[in-house]
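Let me begin by presenting the structure, written as C-alpha coordinates, before commenting on it.
The values are calculated or read from the model by the stated rules, or taken from the named source; none is laboratory data. Note that the structure is a prediction, hence the values are computed from the model and not measured. Glycine also receives a Cβ, built like all others from the backbone with ideal geometry; neighbour counts cover every protein chain displayed. To get the accessible areas, we keep the full protein, side chains included, count just its heavy atoms, and leave off ligands, DNA and RNA. Shrake-Rupley method; radii C 1.70, N 1.55, O 1.52, S 1.80 Å.
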Amino acid sequence: MKYTLVAPVGEDAENIYVGMTEFPLKKIILLASNENRARATRLQDDLRVLKIPVEVLDMGKDIVEETFRAINEIKGREGEGVIVNVAAGDKVSACVALSAAFVNGVKALGVKDGKPMLFPVLKFSYYNIISERKLAILEALRGGECSLAALTEKVKLSPPLISYHIRGSAKTEGLLGLGLVEAESGKGGTRVRLSPLGQLLIKGYV
(Lines give C-alpha, C1' and ligand atoms only; values in the text may rest on other atoms or scores of the structure.)
Protein backbone atom coordinates (compact mmCIF):
# COMPACT_ATOMS: atom_id res chain seq x y z
CA MET A 1 0.00 0.00 0.00
CA LYS A 2 1.15 3.54 -0.75
CA TYR A 3 0.22 6.23 1.74
CA THR A 4 -0.82 9.84 1.67
CA LEU A 5 1.43 11.49 4.25
CA VAL A 6 -0.02 14.42 6.19
CA ALA A 7 2.36 16.56 8.23
CA PRO A 8 2.06 19.81 10.18
CA VAL A 9 5.07 22.03 9.47
CA GLY A 10 7.15 23.60 12.23
CA GLU A 11 10.71 23.97 13.45
CA ASP A 12 11.30 20.21 13.15
CA ALA A 13 10.25 20.06 9.48
CA GLU A 14 13.23 17.84 8.58
CA ASN A 15 11.54 14.99 10.50
CA ILE A 16 9.18 14.60 7.55
CA TYR A 17 11.83 12.44 5.88
CA VAL A 18 11.83 9.90 8.73
CA GLY A 19 9.77 6.82 7.97
CA MET A 20 9.49 7.34 4.21
CA THR A 21 11.23 4.02 3.49
CA GLU A 22 8.91 2.11 5.85
CA PHE A 23 5.79 3.81 4.48
CA PRO A 24 5.99 4.28 0.68
CA LEU A 25 4.19 7.45 -0.36
CA LYS A 26 1.95 8.48 -3.22
CA LYS A 27 1.34 12.04 -1.98
CA ILE A 28 2.45 14.49 0.72
CA ILE A 29 0.15 17.11 2.24
CA LEU A 30 1.77 19.79 4.40
CA LEU A 31 -0.37 21.61 6.96
CA ALA A 32 0.92 25.16 7.37
CA SER A 33 -0.09 27.71 9.97
CA ASN A 34 0.26 31.40 9.07
CA GLU A 35 3.58 31.51 10.95
CA ASN A 36 5.01 28.52 9.09
CA ARG A 37 3.76 29.19 5.54
CA ALA A 38 7.20 30.23 4.24
CA ARG A 39 8.83 27.19 5.86
CA ALA A 40 6.21 24.93 4.25
CA THR A 41 6.87 26.44 0.82
CA ARG A 42 10.62 25.83 1.20
CA LEU A 43 9.95 22.26 2.31
CA GLN A 44 7.64 21.74 -0.67
CA ASP A 45 10.45 22.84 -3.00
CA ASP A 46 12.95 20.51 -1.26
CA LEU A 47 10.58 17.55 -1.54
CA ARG A 48 10.26 17.89 -5.32
CA VAL A 49 13.41 15.77 -5.74
CA LEU A 50 11.40 12.78 -4.49
CA LYS A 51 9.06 13.13 -7.48
CA ILE A 52 6.03 12.76 -5.18
CA PRO A 53 3.17 15.28 -5.46
CA VAL A 54 3.34 17.76 -2.58
CA GLU A 55 0.42 20.01 -1.57
CA VAL A 56 0.41 22.79 1.03
CA LEU A 57 -2.81 23.49 2.93
CA ASP A 58 -3.14 26.76 4.84
CA MET A 59 -4.51 26.25 8.35
CA GLY A 60 -5.41 29.92 8.85
CA LYS A 61 -5.92 31.40 12.30
CA ASP A 62 -7.91 28.56 13.89
CA ILE A 63 -5.31 25.80 13.70
CA VAL A 64 -7.38 23.39 15.81
CA GLU A 65 -10.54 23.46 13.71
CA GLU A 66 -8.67 23.64 10.41
CA THR A 67 -6.40 20.70 11.27
CA PHE A 68 -9.34 18.54 12.36
CA ARG A 69 -11.25 19.51 9.22
CA ALA A 70 -8.29 18.80 6.94
CA ILE A 71 -7.45 15.38 8.40
CA ASN A 72 -11.12 14.36 8.43
CA GLU A 73 -11.56 15.36 4.78
CA ILE A 74 -8.28 13.69 3.70
CA LYS A 75 -9.32 10.45 5.41
CA GLY A 76 -12.70 10.69 3.66
CA ARG A 77 -10.94 10.88 0.29
CA GLU A 78 -8.06 8.46 0.90
CA GLY A 79 -9.60 5.90 3.28
CA GLU A 80 -7.14 3.72 5.21
CA GLY A 81 -4.13 4.92 3.24
CA VAL A 82 -3.36 7.97 5.40
CA ILE A 83 -0.56 8.46 7.88
CA VAL A 84 0.14 11.60 9.91
CA ASN A 85 3.73 12.52 10.76
CA VAL A 86 3.34 14.69 13.85
CA ALA A 87 7.10 15.03 14.37
CA ALA A 88 7.51 17.68 11.66
CA GLY A 89 5.45 20.35 13.41
CA ASP A 90 5.88 22.61 16.39
CA LYS A 91 4.53 21.53 19.79
CA VAL A 92 1.03 22.92 19.30
CA SER A 93 0.49 21.76 15.71
CA ALA A 94 1.92 18.32 16.55
CA CYS A 95 -0.49 17.88 19.49
CA VAL A 96 -3.45 19.03 17.41
CA ALA A 97 -2.52 16.72 14.52
CA LEU A 98 -2.11 13.75 16.88
CA SER A 99 -5.55 14.42 18.42
CA ALA A 100 -7.12 14.72 14.97
CA ALA A 101 -5.47 11.48 13.83
CA PHE A 102 -6.64 9.72 16.99
CA VAL A 103 -10.32 10.66 16.76
CA ASN A 104 -10.38 9.86 13.04
CA GLY A 105 -8.72 6.47 13.45
CA VAL A 106 -5.72 7.46 11.31
CA LYS A 107 -2.18 6.12 11.73
CA ALA A 108 0.21 8.63 13.30
CA LEU A 109 3.96 8.52 13.74
CA GLY A 110 6.49 10.42 15.76
CA VAL A 111 10.27 10.32 15.78
CA LYS A 112 12.42 8.95 18.59
CA ASP A 113 16.21 8.75 18.32
CA GLY A 114 15.92 9.46 14.61
CA LYS A 115 13.60 6.52 13.99
CA PRO A 116 9.85 6.42 13.30
CA MET A 117 7.57 5.45 16.18
CA LEU A 118 3.96 4.54 15.47
CA PHE A 119 1.42 5.74 18.02
CA PRO A 120 -1.37 3.36 19.05
CA VAL A 121 -4.64 4.44 17.45
CA LEU A 122 -8.06 3.72 18.93
CA LYS A 123 -10.65 3.39 16.20
CA PHE A 124 -14.08 4.51 17.35
CA SER A 125 -16.73 6.99 16.41
CA TYR A 126 -18.59 9.38 18.67
CA TYR A 127 -21.57 8.86 16.41
CA ASN A 128 -21.75 5.22 17.53
CA ILE A 129 -22.16 6.17 21.19
CA ILE A 130 -24.36 9.26 20.89
CA SER A 131 -28.09 8.72 20.81
CA GLU A 132 -30.40 10.67 18.52
CA ARG A 133 -31.62 12.70 21.50
CA LYS A 134 -28.09 13.66 22.54
CA LEU A 135 -27.34 14.61 18.96
CA ALA A 136 -30.51 16.74 18.90
CA ILE A 137 -29.28 18.59 22.00
CA LEU A 138 -25.91 19.23 20.33
CA GLU A 139 -27.69 20.53 17.23
CA ALA A 140 -29.80 22.85 19.38
CA LEU A 141 -26.59 24.29 20.87
CA ARG A 142 -25.08 24.97 17.46
CA GLY A 143 -26.36 28.55 17.54
CA GLY A 144 -24.88 29.31 20.96
CA GLU A 145 -25.35 28.57 24.64
CA CYS A 146 -28.82 27.91 26.05
CA SER A 147 -30.50 27.62 29.39
CA LEU A 148 -31.96 24.23 30.29
CA ALA A 149 -35.43 25.73 29.87
CA ALA A 150 -34.58 26.92 26.34
CA LEU A 151 -33.16 23.49 25.49
CA THR A 152 -36.36 21.86 26.73
CA GLU A 153 -38.32 24.02 24.31
CA LYS A 154 -35.97 23.52 21.36
CA VAL A 155 -35.57 19.75 21.66
CA LYS A 156 -39.11 19.02 22.92
CA LEU A 157 -37.92 16.90 25.83
CA SER A 158 -38.88 17.20 29.49
CA PRO A 159 -36.42 18.94 31.88
CA PRO A 160 -35.51 15.63 33.62
CA LEU A 161 -34.67 14.04 30.24
CA ILE A 162 -32.60 17.05 29.17
CA SER A 163 -30.69 16.85 32.45
CA TYR A 164 -30.23 13.08 32.04
CA HIS A 165 -28.75 13.39 28.55
CA ILE A 166 -26.44 16.20 29.64
CA ARG A 167 -25.30 14.85 33.00
CA GLY A 168 -25.66 11.11 32.37
CA SER A 169 -26.15 8.46 35.04
CA ALA A 170 -24.18 5.72 36.76
CA LYS A 171 -24.70 3.53 33.68
CA THR A 172 -24.71 6.04 30.83
CA GLU A 173 -22.21 8.78 30.00
CA GLY A 174 -23.80 12.18 29.48
CA LEU A 175 -22.69 14.90 27.11
CA LEU A 176 -20.71 16.53 29.92
CA GLY A 177 -18.83 13.31 30.65
CA LEU A 178 -18.10 12.84 26.95
CA GLY A 179 -16.56 16.31 26.87
CA LEU A 180 -18.99 17.56 24.24
CA VAL A 181 -20.69 20.29 26.26
CA GLU A 182 -19.83 22.66 29.08
CA ALA A 183 -22.28 23.77 31.75
CA GLU A 184 -22.23 26.78 34.06
CA SER A 185 -24.63 27.38 36.92
CA GLY A 186 -25.61 30.86 38.01
CA LYS A 187 -28.48 32.88 39.42
CA GLY A 188 -30.45 32.45 36.23
CA GLY A 189 -30.04 28.67 36.30
CA THR A 190 -27.73 26.38 34.36
CA ARG A 191 -26.53 27.38 30.92
CA VAL A 192 -25.08 24.87 28.49
CA ARG A 193 -22.80 25.39 25.48
CA LEU A 194 -20.85 23.24 23.06
CA SER A 195 -17.28 22.50 24.09
CA PRO A 196 -14.52 22.90 21.47
CA LEU A 197 -14.77 19.13 20.86
CA GLY A 198 -18.56 19.39 20.58
CA GLN A 199 -18.20 22.13 17.98
CA LEU A 200 -15.85 19.94 15.93
CA LEU A 201 -18.23 16.99 16.17
CA ILE A 202 -21.32 18.94 15.12
CA LYS A 203 -19.40 20.22 12.09
CA GLY A 204 -18.52 16.63 11.18
CA TYR A 205 -14.75 16.95 11.72
CA VAL A 206 -14.47 14.08 14.26
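The table below gives the values:
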| item | result |
| --- | --- |
| Sum of -39500 (n - 2.57) over DSSP H runs of 4+, divided by residues of the chain (222 nm, nearest 500) | -11000 deg cm²/dmol |
| Per residue convex hull volume, Cα atoms of region 1-69, in Å³ | 85 |
| Label-point separation in nm, Ala170 to Ile202, each point 7 Å along Cα→Cβ | 3.2 |
| Extended-chain gain in nm, criterion 0.36 nm per residue less alpha-carbon gap, Asp58 and Lys156 | 31.2 nm |
| 0 to 90° range, to nearest 10: angle between helix 91-103 axis and the chain longest Cα axis | 70 |
| Filter on Lys171/Lys203; Lys75/Lys115; Lys26/Lys51 - keep pairs with C-alpha separation over 20 Å | Lys171/Lys203; Lys75/Lys115 |
| DSSP bridge orientation in the chain - percent antiparallel, rounded to nearest 5 | 45 |
| Option label - semi-axes √(5λ) of the Cα gyration tensor in Å computed here, alternatives (1) 39, 17, 14; (2) 25, 23, 16; (3) 35, 26, 15 | (1) |
| Potential extension, Thr41-Met117 segment - 0.36 nm per residue separation minus Cα distance | 24.8 nm |
| Value of Rg/Rh across region 75-168 [Cα atoms, Kirkwood radius] | 1.17 |
| Dipole magnitude of the chain about its Cα centre (Cβ charges: Lys, Arg +1; Asp, Glu -1), debye to nearest 20 | 540 |
| Carbon plus sulfur fraction of accessible area for the chain, probe 1.4 Å, in percent | 54 |
| Long-range HN-HN contacts of Glu55 with modeled amide H, under 5 Å | Ile28, Ile29, Leu30 |
| Accessible area, probe 1.4 Å, largest first, for residues Tyr205, Tyr17 | Tyr17, Tyr205 |
| DSSP-defined antiparallel bridges as percent of all bridges, region 1-117, nearest 5 | 15 |
